[in-house]
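The values are calculated or read from the model by the stated rules, or taken from the named source; none is laboratory data. Everything numeric here is computed off the predicted structure, so don't read it as measured data. Positions of Cβ are backbone-derived with ideal geometry, glycine not excepted, and every protein chain shown enters the neighbour counts. The accessibility values were calculated without ligands, DNA or RNA, using every heavy atom of the protein model including side chains. Shrake-Rupley method; radii C 1.70, N 1.55, O 1.52, S 1.80 Å.
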Amino acid sequence: MTNSFEQAGMALGYARFRPPVHRKIVERALAPGMVFHRALDVGCGAGVSTQALAGFVDWAMGMEPVAGMLPRQAGFFAGAAEAIPVSADSIDLMTAAGSLNYADLDRFFPEAARVLRANGLLVVYDFEPGRSFRDSPRLEDWFRAFIERYPWPPDDGRPLSPEILRDCAGGFRLERQERFEIAIPLAREFYLEYMLTETNVAFAQRQSAARAEIRAWCARTLDAFWEDEEREIVFRGYYARLAKT
């Protein structure tokens, strides 16, 4: 089966139209003044989550199993969470943004422990698609219609939480966690393009729906819910900061 991001337009859209949530999460998960020498971002996709580490690390690398998603820049390479092609005891900080939902955790955590140096940190986080305005629930009605028309794929990854990670992360100690809401102002056009990067759209395309038709439906129906050019969109999620023991 074709991976979502191997389809035309998906990887480019992911690189250009993902909202700037990652940096705000990293700032919550890492204490002010923390600086790491080398970081590895597992399941980095188009590199948006890797770029969010700027200022916290001297050198950040991004690893992604779908080679077609990777930026054509130094420091990005193909690899799987279960077999990380990095030397032992060479990484100070490891991050994983919405990628471990698709990994074999029984194989990932020993690999993470192998790669991380003593006292190294692993930060796992994820957030839901932005589906509501900060000052109004109206957008939720549109989002429900969007999901009804274009359902999530049946293999859209397992749910994770700080508690699940705590219980299955052998070799690690959960030292900090948070469930958060972050509001970010987005223009209507940006939000529309962002929705087209979601996995339900990729799944609809695999089922022979035309991307142009999906975009046209989204644009037409959003008009009834989005009055102003820019609105604050709420993103809900979690992070778990785990220390290697």
TODO: Working only within segment 41-54, note down all residues that are under 16 Å from the mean Cα position of the chain (by Cα) and either surrounded by fewer than 24 Cβ atoms within 10 Å (Cβ to Cβ) or not acidic (Asp, Glu) (or both).
DONE: VAL42, GLY43, CYS44, GLY45, ALA46, GLY47, VAL48, SER49, THR50, GLN51, ALA52, LEU53
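Residue-wise test of (1) crowded, with 19+ Cβ neighbours inside 10 Å; (2) touching a Ser or Thr at 6+ places or on another chain (Cβ under 8 Å); (3) more than 20 Å from LEU121 (Cα to Cα).
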position: PRO159; (1), (2), (3): no, no, yes
position: ILE164; (1), (2), (3): no, no, no
position: THR197; (1), (2), (3): yes, no, yes
position: GLN207; (1), (2), (3): no, no, yes
position: ARG215; (1), (2), (3): no, no, yes
TODO: Output the number of residues of segment 23-40 satisfying the condition of being open to solvent by 20 Å² or more (accessible area, probe 1.4 Å) and more than 22 Å from LEU12 (Cα to Cα).
DONE: 11
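Going through segment 79-103 one residue at a time, which ones are without any contact (Cβ under 8 Å) to a residue 40 or more places away in the chain and over 17 Å from the mean Cα position of the chain (by Cα)?
GLU82, ALA83, PRO85, SER87, ALA88, ASP89 - these are the residues of segment 79-103 that are without any contact (Cβ under 8 Å) to a residue 40 or more places away in the chain and over 17 Å from the mean Cα position of the chain (by Cα).
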Task: Failed condition for PHE172, given (1) surrounded by 15 or more Cβ atoms within 10 Å (Cβ to Cβ); (2) within 19 Å of the chain's Cα centre (by Cα); (3) more than 24 Å from ASP223 (Cβ to Cβ); (4) not small (Gly, Ala, Ser) - done: (2)
Task: Matching residues in segment 149-171 - criterion: being in a loop (DSSP other than H, G, I, E, B) and without any contact (Cβ under 8 Å) to a residue 12 or more places away in the chain - done: PRO154, ASP155
TODO: Within segment 55-82, work out how many residues are open to solvent by 60 Å² or more (accessible area, probe 1.4 Å), outside any loop (DSSP other than H, G, I, E, B) and of a type in the set (A, V, I, L, M, F, W, C).
DONE: 2
- [ ] Within segment 27-50, track down each residue that is under 20 Å from MET69 (Cβ atoms) and out of contact with any Cys (no Cβ under 9 Å at 6 or more places or on another chain).
- [x] ALA39, LEU40, ASP41, VAL42, GLY43, CYS44, GLY45, ALA46, GLY47, VAL48, SER49
- [ ] Starting from segment 172-199, take each residue that is free of Cβ contacts under 8 Å to residues at least 60 places away in the same chain and assigned to a strand (DSSP E or B) and list its partners that are buried (at least 16 other Cβ atoms within 10 Å of the Cβ) and of a type in the set (Ser, Thr, Tyr), counting only C-beta distances under 7 angstrom and pairs at least six apart or across chains.
- [x] ARG179/TYR238
Open item on the list: Of everything in segment 118-148, what is part of a strand (DSSP E or B) and either touching a residue at least 60 places away in the same chain (Cβ under 8 Å) or touching a Phe, Trp or Tyr at 6+ places or on another chain (Cβ under 6 Å) (or both)? Give them in sequence order.
Closed with: ALA118, ASN119, GLY120, LEU121, LEU122, VAL123, VAL124, TYR125, ASP126, PHE127, SER132, PHE133
